[in-house]
Amino acid sequence: MGLVALSGFVLWLVSFPMAGFLLGSANFLPYFLLPHIVGFVLWFFVGERLLSLANVFTAVAALLTAVYPYVDSKELVMSAIGFFSSATAVLVGYRLQLGAVWAFLGLAVGNLLSFALSLAPFEGGVKYLVVSLGLLVLLLPLEEKVNAQKVEREFYRLLPFFFFFYLVGGVMYKGFMEFYGNVAYLSGVEVLFYVLGVLLSYALLKRYTQQALISLASVFLVISLPLFHMGGDVFLNAGMFSLQLGFGFADFFLILSLYSLRNPLRAYPLGFFAVCAGILTGYFVSLARYYGDFFIVFSYLALFLSVLYYFSQGGKAGEKVKESDPQKPEVRKTPKDFLRELEESIPDNKKKLSGRELEVLSMLLEGCSYEVVSERMGITTSSVREYARRGLEKLELSKEELCALYSENFSPKSATLK
């Protein structure tokens, strides 16, 4: 369901409020983002109570979207949509947390659906109805509940990175898009490069770290800026293609970072808040485009500072943990260490845990679902369950007993940004 939820939300987002094709030349981005940001701040403090409100707010956002072309006070309606849909965005993150990483491909699917809808021979009202239905997919009941973990402080220190990096996205929406819109070879074709960035992110993640994604995102954004600066039809189109490719990597990295924290009701409001605040700031900066190349230089500066800050914080975070208390260093047992210790209690007439059994049980202790373990190990879900059953049988414990024993004795090693 994570893939379907993200696809429907992205279809709605890029087709409509985020300067989508449905709005034409009208640009109500500030009216959408300001209440959107306020909503994220509120949901961070509301916590689990948001789950009881999110479905209602999502339905309201879908209804307002469907009637949007027929109302007069469009700024007011867009502001209401921005606030209510902030709960929807967090709900999408919650659903993603219940599935595997491949659900992030909804970023690509949603953009492709939006591109197809923009070319479809339907009248505007029908298209508004279609994108509103994309939100209603989120009203399907949740199959299970997220077992949330504590958000590490290293994540909070990385929020400025998201803010400064997505400043460039805000400049794109207001500054670059207006130039590109006049010379585009085919309106909407740039989406294909964004989709390519998402697909490459998923493929590269199997062999490289998260740092590779943000490095590639930065490279393509850096390439796009001089192309825009050079002007001309060819360079403007090439610049937009490079920019979209970069943000395909960046958005995948963003979702992956929030997903890794395993606390959607804390991580997603904060992460999306930083991103939207960055986009809105970049949007206002791009209003200065008539002052020479100011907004180009500003984009360079924001991109440089964000990447520098990211890699510097990634290095310092580990050092601070080690030096927090030199007299009593904090030692955390990993799930594998814990399981190896438990092996000592296995009777002599039983075999030790196999490599696969050890791997499966350790990921289950980290909070991964069977589907996520299947995705990471490249095996079927039924095989994961079988390895887990064999391992638990050898340990003479149920899954619940194993998890309870682990949580009582050791602190799980939380996933953090590298």
Cβ crowding within 10 Å averaged over residues, with 54-64, 227-237, 196-206, 247-257 ranked highest first: 247-257, 54-64, 196-206, 227-237
Computed over the stretch 175-260, Kirkwood Rh from alpha-carbon pairs, angstrom: 13.1
Angle in degrees between helix 210-230 and the longest Cα principal axis of the chain, rounded to the nearest 10: 10
Most mobile of Ser382, Ser215, Ser306 in a GNM of the chain (Cα contacts under 10 Å): Ser382
Hydrodynamic radius (Kirkwood) for the chain, which is based on Cα pairs only, to one decimal in Å: 22.8
Tilt relative to the chain, helix 294-323 - C-alpha long axis, 0 to 90 degrees, to 10: 10
Sulfur and carbon atoms: percent of accessible area, the chain [1.4 Å]: 62
The chain: angle of helix 50-67 to the longest principal axis, Cα-based, in degrees nearest 10: 20
222 nm mean residue ellipticity, helices alone, for the chain (DSSP H n ≥ 4; -39,500 (n - 2.57); rounded to 500): -23000 deg cm²/dmol
Arg376 accessible area, assembled protein chains, probe 1.4 Å, Å²: 110
Accessible heavy-atom area order of Lys127, Lys150, Lys336, highest first, probe of 1.4 Å: Lys150, Lys336, Lys127
Global form of the stretch 1-77, assessed from the alpha-carbon gyration tensor, a/c cut-off 1.5: prolate
Mean accessible surface per residue for the stretch 121-245, computed with a 1.4 Å probe while every protein chain stays in place, in Å²: 48
Full-stretch length increase - Val183, Lys206 - with 0.36 nm per residue and alpha-carbon distance subtracted: 4.5 nm
Per-residue HN-Hα couplings for the stretch 363-376 [Karplus 6.51, -1.76, 1.60; θ = phi - 60°; Hz; x = Gly/Pro]: 5, 5, 5, 6, x, 6, 7, 4, 5, 5, 4, 4, 5, 5
Exposure of Glu341 as accessible area (Å², to 10), given a probe of 1.4 Å and all protein chains: 90
Inter-site label distance for Ser312 and Val67 at 7 Å from Cα along Cβ, in nm: 5.0
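The values are calculated or read from the model by the stated rules, or taken from the named source; none is laboratory data. None of the values given here were measured: they were computed from a predicted structure. Counting neighbours? That spans all protein chains shown, and the Cβs are built from the backbone with ideal geometry, glycine included. Accessible surface is based on the protein model in full, side chains and every heavy atom, while ligands, DNA and RNA are left aside. Shrake-Rupley method; radii C 1.70, N 1.55, O 1.52, S 1.80 Å.
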